[in-house]
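J.: Below is the structure I would like to discuss, written out as structure tokens.
The values are calculated or read from the model by the stated rules, or taken from the named source; none is laboratory data. In this text the structure is predicted, and so the values were computed from the model without any measurement. FYI the Cβ positions are ideal-geometry reconstructions off the backbone, even for glycines, and counts take in every protein chain you see. In case anyone asks, the SASA skips ligands and DNA or RNA and just uses the protein heavy atoms, side chains included. Shrake-Rupley method; radii C 1.70, N 1.55, O 1.52, S 1.80 Å.
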Amino acid sequence: MKVLYVCSELYPFLKTGGLADVSAGLPPALAALGCEVRMVLPAFPGVASHATARGAPAALPCATPWGQAPELPPANITLGELSGWHTPVYLLHAPTLFDRTGNPYLGPDGTDWSDNAQRFAALGWAAACLGQGLDAHWVPDIIHCHDWHTALAPAYVQAFRDQGLRTPATVFSIHNLAYQGLFPYETFSKLGLPDTYFGIHGLEYFGQVSYMKAALQFSDRITTVSPSYAREILTEEQGCGLDGLLRERAHLLSGILNGVDYQLWDPANDPLLPKPFDAKRLAGKSAVKKALQKKLGLAVRPDALVFGVVSRLTAQKGLHLLPQVLESLVQNGGQLALLGEGDAALEQALREAAIQYPGQVGIRIGYDETTAHTVLGGSDVVLVPSAFEPCGLTQLYGLRYGTLPLVRRVGGLADTVVDCTTANHAAKTATGFVFDALSAEALHAALLRAFALHQDSKTWKTVQRRGMALQFDWMASARHYCDLFHALRP
Ligand code: ADP
Ligand code: GLC
């Protein structure tokens, strides 16, 4: 089974969020199950600078069997290897589109690159062309796409299929329905898709072009990254305007929970932690907590209940609730250790909180992998109060590091954290704190429950150890994907 994995981010080369972690974790697990996996991604400098070419460049075709072709600058793909990475990678070279450092989607001013429609049309086109034998030595059976950046691939594949050509099957994984790749109507004529592909049964979304809709419409199967999110996106509340189409195609939709790369996220073997620890040697965690307190300017108090956050600061993450509960958190003897970047108003509110509560609220605005491991390893509780969360990874990392997740009951958070209720303690399943309403009151009530449990250090340790023993490994997820692939290409 040959699988072409199409994505825009790959840890450790280029990462803006969990998507990059998934690209690093899933392909090797698929390969371990016998899939022959290759990836295709844009030659962003962070990726291309680690690549060694293994083949000659192949130019993307500028013509299609149905007439019009995508309007693109000269572009080619080259098969290569990335240092320290085993999966072969096709890099899509189009210097005018991709030779830009920093965030792959945003310019230095923090807004979308104005040519994103063209940039990511190129990625979809490259994937579809590989499906038609652009590399004659390797033609995929399955094209597996991830998020809107790759979402035109299934549309191009369908256009080839309409011509009676044999094509791979397509699987599209939604990591976040809120980011859709919406562009003005004028974009459509430059995509090189058949005219009939615009319209209610095509890419049209209220007069605009929606890449996400293209994938939902034309993929053979749709997946998302947790069973709960797969149900939630069928509702008007969480469907981001695409719930109608998703309900129509619900028989093709499934939720497959993400995994964790325990090579990278293992407190017993984590080079980014100042001291290793595991479930038997929790003392090491106290040393990490101390290092965290020092690093973020918190008072070094072993007894303080430290709440950690590692997150993009966007409306999705529910962190606008945080400033409203900080006074109580601090009064109860707690501390906040936060690493994140994003929304300017929230960054400012957090900076002000750090000034208002010196030594009790420590924040680091920015993106930093080492600090992320220190926060997730050194905190007692990891806060993820998301408004919506397709899967969420930091609660899974927290579980492995003995850092109890405190989460809102939504999406993948609901699927992975079991609330510390009396019944769940008795059933030996409790792993964290779960609350329902997206409100400061509900978050506050959950924080108070964390403080209360922390008084009972024996039960706290039991819950910690239970979470640390859980396995959310990639092999389990990969098996579900493999079953899906085999059902499509028996
Ligand atoms: P999302 O993909 O929605 O941002 P996830 O929980 O799936 O959320 O994944 C977030 C990933 O990004 C995790 O690996 C987390 O550790 C990392 N991360 C988020 N913010 C930062 C940051 N400021 N610095 C370092 N890593 C971060
Ligand atoms: C998205 C989601 C997040 C998920 C990640 C990886 O960025 O917001 O919940 O964990 O993708 O699938």
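J.: Sort out which residues of the stretch 109-124 are open to solvent by 70 Å² or more (accessible area, probe 1.4 Å), over 20 Å from the mean Cα position of the chain (by Cα) and of a type in the set (D, E, K, R), and write them in order of number.
T.: Asp109
J.: Return only the number of the condition from (1) open to solvent by 10 Å² or more (accessible area, probe 1.4 Å); (2) within 16 Å of ligand 2 (Cβ to nearest atom) that Glu352 does not satisfy.
T.: (2)
J.: Show the residue pairs meeting these rules: Cβ distance below 6 Å; 6+ apart or different chains; first residue within the stretch 135-154 and closer than 17 Å to Pro27 by Cα; second residue among the polar types (S, T, N, Q).
T.: Ile143/Thr170; His146/Ser173
J.: Does at least one position in the stretch 196-212 carry a residue that is farther than 30 Å from Leu393 by Cβ, among the hydroxyl-bearing types (Ser, Thr, Tyr) and either more than 23 Å from the chain's Cα centre (by Cα) or modelled with pLDDT under 95 (or both)?
T.: Among the residues of the stretch 196-212, at least one is farther than 30 Å from Leu393 by Cβ, among the hydroxyl-bearing types (Ser, Thr, Tyr) and either more than 23 Å from the chain's Cα centre (by Cα) or modelled with pLDDT under 95 (or both), which makes the answer yes.
J.: While we're here: Could you check the stretch 36-52 and list, in sequence order, the residues that are surrounded by fewer than 22 Cβ atoms within 10 Å (Cβ to Cβ) and either at pLDDT below 95 or assigned to a loop (DSSP other than H, G, I, E, B) (or both)?
T.: Within the stretch 36-52, Ser49, His50 meet the criteria.
J.: How many of the residues in the stretch 217-237 are open to solvent by less than 10 Å² (accessible area, probe 1.4 Å) and under 20 Å from Val157 (Cα atoms)?
T.: 3
Table: residues versus (1) over 23 Å from Leu253 (Cα atoms); (2) within 16 Å of ligand 1 (Cβ to nearest atom).
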residue: His149; (1), (2): no, yes
residue: Tyr156; (1), (2): no, no
residue: Gln163; (1), (2): yes, no
residue: Val171; (1), (2): no, no
residue: Leu177; (1), (2): no, yes
residue: Phe183; (1), (2): yes, no
residue: Gly192; (1), (2): yes, no
residue: Leu203; (1), (2): no, no
residue: Glu232; (1), (2): no, yes
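J.: Consider Gly284 against the criteria (1) in a helix (DSSP H, G or I); (2) more than 16 Å from ligand 1 (Cβ to nearest atom); (3) closer than 22 Å to Val407 by Cβ: it satisfies all of them except one. Which criterion is unmet?
T.: (3)
J.: Report, by residue number, each residue of the stretch 254-281 that is within 13 Å of ligand 1 (Cβ to nearest atom) and polar (S, T, N, Q).
T.: Scanning the stretch 254-281 gives a single hit, Asn258.
J.: Something else: In the stretch 142-165, which residues are open to solvent by less than 10 Å² (accessible area, probe 1.4 Å), farther than 15 Å from Gly181 by Cα and assigned to a helix (DSSP H, G or I)?
T.: Those that are open to solvent by less than 10 Å² (accessible area, probe 1.4 Å), farther than 15 Å from Gly181 by Cα and assigned to a helix (DSSP H, G or I): Tyr156, Val157, Ala159.
J.: Just to be sure before I move on: is Thr370 of a type outside the set (Lys, Arg) and surrounded by fewer than 17 Cβ atoms within 10 Å (Cβ to Cβ) in the structure I sent?
T.: It is true that Thr370 is of a type outside the set (Lys, Arg) and surrounded by fewer than 17 Cβ atoms within 10 Å (Cβ to Cβ).
J.: In addition: Scan the stretch 1-23 residue by residue and report those that are open to solvent by 10 Å² or more (accessible area, probe 1.4 Å) and either within 8 Å of ligand 1 (Cβ to nearest atom) or under 18 Å from Glu81 (Cα atoms) (or both).
T.: Lys2, Tyr11, Pro12, Phe13, Leu14, Lys15, Thr16, Gly17, Gly18, Leu19, Asp21
J.: Before we move on, is Ser328 assigned to a strand (DSSP E or B), touching a Leu at 6+ places or on another chain (Cβ under 8 Å), hydroxyl-bearing (Ser, Thr, Tyr) and open to solvent by 10 Å² or more (accessible area, probe 1.4 Å)?
T.: Against the criterion (assigned to a strand (DSSP E or B), touching a Leu at 6+ places or on another chain (Cβ under 8 Å), hydroxyl-bearing (Ser, Thr, Tyr) and open to solvent by 10 Å² or more (accessible area, probe 1.4 Å)), Ser328 does not qualify.
J.: Restricting the stretch 299-314 to residues that are open to solvent by less than 10 Å² (accessible area, probe 1.4 Å) and away from ligand 2 (no atom under 16 Å from the Cβ), which is nearest to Gly398 (Cα to Cα)?
T.: The qualifying residue nearest to Gly398 (Cα to Cα) is Gly308.
The rows are residues; the columns are (1) in contact (Cβ under 8 Å) with a residue 40 or more places away in the chain; (2) surrounded by fewer than 23 Cβ atoms within 10 Å (Cβ to Cβ); (3) not aliphatic (A, V, I, L, M).
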position	(1), (2), (3)
Leu399	yes, no, no
Gly412	yes, no, yes
Val418	no, yes, no
His425	no, yes, yes
Thr431	no, no, yes
Phe435	yes, yes, yes
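J.: Report whether or not Ala169 is closer than 30 Å to Arg312 by Cα and away from ligand 2 (no atom under 14 Å from the Cβ).
T.: no
Okay, residues lined up against (1) surrounded by 20 or more Cβ atoms within 10 Å (Cβ to Cβ); (2) touching a residue at least 40 places away in the same chain (Cβ under 8 Å); (3) away from ligand 1 (no atom under 16 Å from the Cβ):
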position	(1), (2), (3)
Ile174	yes, yes, no
Ala215	yes, yes, yes
Gly239	no, yes, yes
Val288	yes, yes, no
